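The values are calculated or read from the model by the stated rules, or taken from the named source; none is laboratory data. Because the structure is a prediction, the values reported are computed rather than measured. Cβ placement follows ideal geometry from the backbone for every residue including glycine, while neighbour counts extend to all protein chains displayed. Just the protein is used for accessible areas: all its heavy atoms, side chains included, with ligands, DNA and RNA removed. Shrake-Rupley method; radii C 1.70, N 1.55, O 1.52, S 1.80 Å.
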Amino acid sequence: MFIKLTHLLLQLLFILAFAPFLTGIIKKIKSKSQHRKGCSVFQVYYDIAKLFDKEVVKSNVTSVITDIAPYVAFITAVTAAMCVPMLSGYSLLGAFGDAVFIIYVLVLGRVFMALAALDAGSTFGGMGSSREMFIASLVEPAFVMMLFTLGVGSGHTSLNLMGAGGHVLVNTFLIVALFIVLMAETSRIPVDDPATHLELTMVHEAMILEYSGRQLALIHWANTVKQFFFIAFIANILLPTADLGVSGIGGLLLSLGILAVKSVLITMVIAFIEVKSVKTRFFSIPNLTSVAFVFAFMGFLISFIYRG
Amino acid sequence: MYTLDLPTEQIVSHLKGGKTMDTYDQRGGMALKSACLLQTFIHAAFLLLSVYMLIYKKFFTFSVALPLNIKLSLGTDHLTVFFFLLISILGLCVSLYSRGYLRPYQTEKHFNAFLILYNLFGISLYFVVMARDIFGFLLFWELMSLTSYFLVIFEGHKDEILKSGLMYFVMTHIGTVFIILAFFMLYKHTGDIYLSRVNMAALSRGEILTALLSAFIGFGTKAGLVPLHVWLPKAYPSAPSNIASFMSGVMTKLGIYGIIRFAFYYYPQYPLSFGFILLAAGCISAVIGITHGLVQSDIKRFLAYTSIENIGIITLALGVSYISLSLGDRVVGALAFTAALIHILNHGIFKGLLFMGAGNILRSTKTTNMEVLGGLIKKMPKTSAFFFIGALSACGLPPLNGFVGEWLLYKGIIKAGADIGSTLYSVPVVVSGIALAFTGALAAYGFVKTLGITFLGLPRSEEAEKAKELPCLMVFPIGALSVLCLFIGVYPNFIVTFANQVTDSALFTHSVSQSAFTISAVGGNLSMVVLAAFALIFGLLVFGFMGYKAQRFGTRFYGTWDCGFDGLTSRMQFSGQGFIKTVNRLLSGTFVVNKRIRYTKGDLTSEGIRFDIHFDDNVEKSIYTPIKELVRIMTSRAQKLQQGFIQIYLAYVFVALILLMVFYL
């Protein structure tokens, strides 16, 4: 019991500590590609810490939803990430919550952020909120199709056991689909430019325009954790590494280290995509998400061949 | 000389034959109080009865002898008692709510008749599920349909309400024709009028399918499956909100009750084609329901379309169950069946809650058009909080009750996809799962729009600004249902036990097992208690940390960011139509959009522009309107036979006589 709690704590601390590092890597690669020196890879940590020490400026139009939403976004992102197997192919919470739960818990976080955007009574919030919900409803079928493929292929829906019995060809298609889902859910180019200053092109940034101070810090942290959830999903479930047989606390740390290395590599691929492409027109996003769905569906059909 | 202080208004209205509110305040609204008290007692009695029967597993049958030598046989079994639970929970809350909601209606002309019909409607629901012979079932089904028609058109002084009521009346009787046909086939196959399992060996496939299809069409009309759903979005906004709540939560489920009886109890042969019909109808209803619901500006119309969507989800679950059973997989069959039952109960609870909340909004702001509302969360905090919980339940979000049914359904679909060997049958099931995910995401979109535009932001009109919270009697039932939503969501074990009992009685197996805080099905666990506990503890830690920071660094209030413009008005917010413009553009081919731009002249120098947009039902326009046109054309052609001269009618009789003599002699 006590050991299980320490595992829980270890995974929680790793998620919270490691997630902002990946966003820092993306920013560093982007700035290097633009021949800028760029800020350090740890800048996201400094930003979050700075925001926690700032005053919150709240609009007097807002209600309790604005106060609740950062908590809901943060807690749902962390809960989803906690269900991904990280400690030697196992996560404690993954035995209680499975893939279907994760889908809906992420939707819960998104719904609250969208509501908070409408709370301030400004046009920006409504715009960002409607676009975000639209993109989410397009990307949901692809994500669910991917989870169906994994669930049907392995016979389980618990994330701890879903990676078993995956085949390279099937996983390749699913990885492509999941990359597109990742870019849509975490507001990366080509779906949404996270560094844009134009409200006309904002999706996610427009939703959090009214936030400041410690609430904004929580929201930024939540976004990094959500991004880490998708990256860890790719790393540990779609690209599983063999069990190295080291037991005890050393084994856990080794598996976390391997996850860190894989995450950094995947993040570099994301950054590469972000550097090489531009933000698409908003109404071209259904085309992109259809591509994701088709890849996931092809993975599903191919998995039939290997089921015999 | 003395002056007479006459109560002029009362005298005048008394002379006119009407009654004023004063009359009722003096008498204390005895009719309303007693009617609602009677309803409350009936529903509470049935609730206790159903809980007792579910726990102690005692069931009964009895016969009622009516005059004219008619004997009705009534009985209870697991499915009946499960529906008792649904009807009584919702009925109890609605009757408490009606006590407050119907108070301003007391001066209406036929209010006493309304109360009697309301009580009859409530009772008839119980008797429909208790009926054990064909005549009893049809008798109480007709009673339910007729009373609900009169309840829907209660505010019939408005023209469109009468029209919606007429459409409901016609559609429900078309359905009744098919139900009678289905019962006729049942009588033919069982040989007597008692509702029981048919001897399947003697029947051909075509006969079974005919019976099932007619039952499906007949009961599907009541349930609201596409394309037989066109009465729903018209009837629910027209009906008073407590009636709409009761109808949506319970009456549509009685259509599903009929389908379950025919498909799983009376004809348990499970022909595969009927399973695919159920699956297809479920998918289409779910997708069409939510896409039409998204674009509505009226809250009650939106809720009516989400009812269609949820009925589609339930039918989808029944379809998955049916297909699995016909392919021999009893595990998935039982699992999907349990998912359907749990979703029936959950949907009744949260949809009833949402309609009563809409009634509160209507009572408080005189409108349910979300384009003129806004900022209600500050004016009506309790109603808003409970409406939020109901809406989050309707999206199927954990830790609320809508999620439990959806979780079981997803597990069933995944296991069906894994178990069904042939790709031909497995791909449609998995694609229906994708349709389910799509509707879930669109439902979240629709509810964010409804919640955000109605409750959040700035009020868009004077009525919204002057809104006030309603008295406790109208808020308490909604609160009770919200607490139930939360409880079932976190601890679904009771409901799972009851649903397992019903599944056992129908399919002789059940697939959902449970331990202390977990429910598990086909190799996956869901322990909402553990997850909620983790979220709560972690949330408290974060809250504490944020509180520490708040104490050190504080909060400042300012206006909404307006780029220094300093003139933000409520009309500058997003509107509901703007919010769904993206979907409108993406799916524009599937809607029927009515746009109108009118230019109004104020005085000589000012001119106003008014833009009206409303979305009609595409199914209605593409299927029903051509049929209506065809009938109209045919009857107007046939009308030429009726010239109005008696000589011509005599000539018809003469010609018919000659023809008969020629052909039969």
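A few comments on the model shown:
- Taken together, the criteria place A:Phe134 among residues that are open to solvent by less than 10 Å² (accessible area, probe 1.4 Å), in a helix (DSSP H, G or I), at pLDDT 90 or above and of a type in the set (Phe, Trp, Tyr).
- Filter pass, B:Ala521 being surrounded by 15 or more Cβ atoms within 10 Å (Cβ to Cβ), within 43 Å of the chain's Cα centre (by Cα), closer than 19 Å to A:Gly109 by Cα and more than 8 Å from every other protein chain (Cβ to nearest Cβ): no
- Look at segment A:143-161: where a residue is under 16 Å from A:Ala80 (Cα atoms) and facing chain B (nearest Cβ under 7 Å) and a partner is open to solvent by 10 Å² or more (accessible area, probe 1.4 Å) and outside any helix (DSSP H, G or I), sitting 6+ places away or on another chain with Cβ atoms under 9 Å, you get A:Thr157/B:Val522; A:Thr157/B:Gly523; A:Ser158/A:Phe96; A:Ser158/B:Gly523; A:Ser158/B:Asn525.
- Given (1) farther than 15 Å from A:Leu252 by Cβ; (2) open to solvent by 10 Å² or more (accessible area, probe 1.4 Å); (3) over 20 Å from the mean Cα position of the chain (by Cα), index of the condition A:Asp47 fails: (3)
- Selection within segment A:214-229 - open to solvent by 10 Å² or more (accessible area, probe 1.4 Å) and either under 17 Å from B:Phe543 (Cβ atoms) or within 12 Å of chain B (Cβ to nearest Cβ) (or both): A:Arg214, A:Gln215, A:Leu216, A:Trp221
- Only a single criterion out of (1) away from chain B (no Cβ under 13 Å); (2) open to solvent by less than 10 Å² (accessible area, probe 1.4 Å); (3) under 24 Å from A:Val44 (Cβ atoms); (4) among the hydrophobic types (A, V, I, L, M, F, W, C) is not satisfied by A:Leu174, namely (3).
- Put simply, of A:Val61, A:Val57, A:Val41 the only residue that is in contact (Cβ under 8 Å) with a residue 24 or more places away in the chain, in a loop (DSSP other than H, G, I, E, B), of a type in the set (A, V, I, L, M) and open to solvent by 20 Å² or more (accessible area, probe 1.4 Å) is A:Val61.
- Meets criteria (over 25 Å from A:Phe272 (Cβ atoms), within 12 Å of chain B (Cβ to nearest Cβ) and touching a residue at least 60 places away in the same chain (Cβ under 8 Å)) for A:Val107: no
- Boolean, A:Glu205 is within 13 Å of another protein chain (Cβ to nearest Cβ) and surrounded by 18 or more Cβ atoms within 10 Å (Cβ to Cβ): yes
- Hits in segment B:403-444 (condition: more than 9 Å from chain A (Cβ to nearest Cβ), free of Cβ contacts under 8 Å to residues at least 40 places away in the same chain and in a helix (DSSP H, G or I)): B:Leu424
- Total residues in segment B:524-574, condition out of contact with any Lys or Arg (no Cβ under 8 Å at 6 or more places or on another chain), open to solvent by 60 Å² or more (accessible area, probe 1.4 Å) and of a type in the set (Val, Ile, Thr): 2
- So A:Gly126, is it of a type in the set (Gly, Ala, Ser), under 27 Å from B:Gly417 (Cα atoms), crowded, with 24+ Cβ neighbours inside 10 Å and at the interface with another protein chain (Cβ under 9 Å from one of its Cβ atoms): no
- Residue in segment B:553-568 that is touching a strand residue (DSSP E or B) at 6+ places or on another chain (Cβ under 9 Å), in a helix (DSSP H, G or I) and farther than 30 Å from A:Leu288 by Cα present: yes
- Selection within segment B:38-60 - loosely packed, with under 13 Cβ neighbours inside 10 Å and touching a Lys or Arg at 6+ places or on another chain (Cβ under 9 Å): B:Tyr52
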